[in-house]
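In what follows, a structure is listed as structure tokens, so that the remarks can point back to it.
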Amino acid sequence: MKFTTDALVIKEMNIGDNDRLVTLLSKEYGVIKAFAAGAKSIKSKKGSATGLLSYSNFLIEKKSDTYKIREATPNKIFFGAGDDIEILSLAQYFCELSAVLGPYGDGSEEFLRLILNSLHFLTENKKNPTVIKAITELRIAVISGYAPSLLACDSCGKTDENIMYFKLTDGVILCDNCKSGDMCRKINRTVLDAMRHIVYSKFENLYSFEIPQNQANILSEVTEKYICIQSEHHFKTLEFYKSIL
């Protein structure tokens, strides 16, 4: 069976002198691993299209459980990520998030749309990278079935407290009177409103908010811990990103 799809290269592995094994995030088929013969060759038309952070059109042949890339043409290559080590490492973290939490065998237009938009804002310097990171982490949690409940205190129903506590293990908010356990992260109204926006807004409005840098740092810390706890995964790219800040 042969099919065509637009997909983002979220992982690449060199095999021998000329070949690549790439992991793709596609709208129709989710995450797939495909072999690209001769992709590293100077004469290959598949070279740039199968590189990490390339969003390309692929002609893929499937035999049994094996996928082989027959043709590849780049739509957009996020070259800007390579100009700044911080931006590049964050882009690679988004790719690892996709590889770990993206759907295998099932399409996810929203997942791909999120990653592509985050990479666009990131590489074009159109928004604070700390905010883009938080948006990506928390919205991925929503798409992947880990949506937190942020409308009211999970115990008593209070909604308008200036200080609330986000329980990282359960994905709920608690007021000061109801908080319990060691995994409750104190957040103010600014951070909570930002989290609510990320979780509940329509996609076209997802990136349309501003937050002071000191609050963005707290937001990013909370969303990072939440996605790591919920996914039960240690992200090596996140570790590297944090090491260079």
List pairs: first in region 210-230 and without any contact (Cβ under 8 Å) to a residue 12 or more places away in the chain, second surrounded by 15 or more Cβ atoms within 10 Å (Cβ to Cβ), Cβ under 6 Å, 6+ apart or cross-chain? none
Could you check LEU52 against (1) in contact with a Gly (Cβ under 9 Å, 6 or more places away or on another chain); (2) surrounded by 15 or more Cβ atoms within 10 Å (Cβ to Cβ); (3) in a loop (DSSP other than H, G, I, E, B) and say which number it fails? (1)
Does region 231-245 hold any residues that are free of Cβ contacts under 8 Å to residues at least 60 places away in the same chain and assigned to a helix (DSSP H, G or I), and which are they? GLU239, LYS242, SER243
Hits in region 3-33 - residues which are crowded, with 20+ Cβ neighbours inside 10 Å, closer than 16 Å to ILE77 by Cβ and under 15 Å from the mean Cα position of the chain (by Cα): ALA7, LEU8, VAL9, ILE10, LEU24, LEU25
Residue check, ASP170 modelled with pLDDT of 95 or more, open to solvent by 50 Å² or more (accessible area, probe 1.4 Å), part of a loop (DSSP other than H, G, I, E, B) and at negative phi: yes
Which ones in region 132-152 are in a helix (DSSP H, G or I) and surrounded by fewer than 22 Cβ atoms within 10 Å (Cβ to Cβ)? VAL142, ILE143
Pick from region 63-93 the residues that are touching a residue at least 60 places away in the same chain (Cβ under 8 Å) and touching a helix residue (DSSP H, G or I) at 6+ places or on another chain (Cβ under 6 Å): which of them is most open to solvent (accessible area, probe 1.4 Å)? GLN92
Tally, over region 94-111, of residues that are within 14 Å of the chain's Cα centre (by Cα) and either open to solvent by less than 60 Å² (accessible area, probe 1.4 Å) or without any contact (Cβ under 8 Å) to a residue 12 or more places away in the chain (or both): 12
For GLU96, all conditions in the list (1) farther than 24 Å from LEU119 by Cα; (2) part of a helix (DSSP H, G or I) hold save one; what is the number of the exception? (1)
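The values are calculated or read from the model by the stated rules, or taken from the named source; none is laboratory data. The model shown is predicted, which means the values in this text are computed figures rather than measured ones. Neighbour counts are summed over all protein chains in view; Cβ atoms, including those assigned to glycine, are modelled from backbone coordinates with ideal geometry. Surface areas here come from the heavy atoms of the whole protein model, side chains and all, with no ligands, DNA or RNA. Shrake-Rupley method; radii C 1.70, N 1.55, O 1.52, S 1.80 Å.
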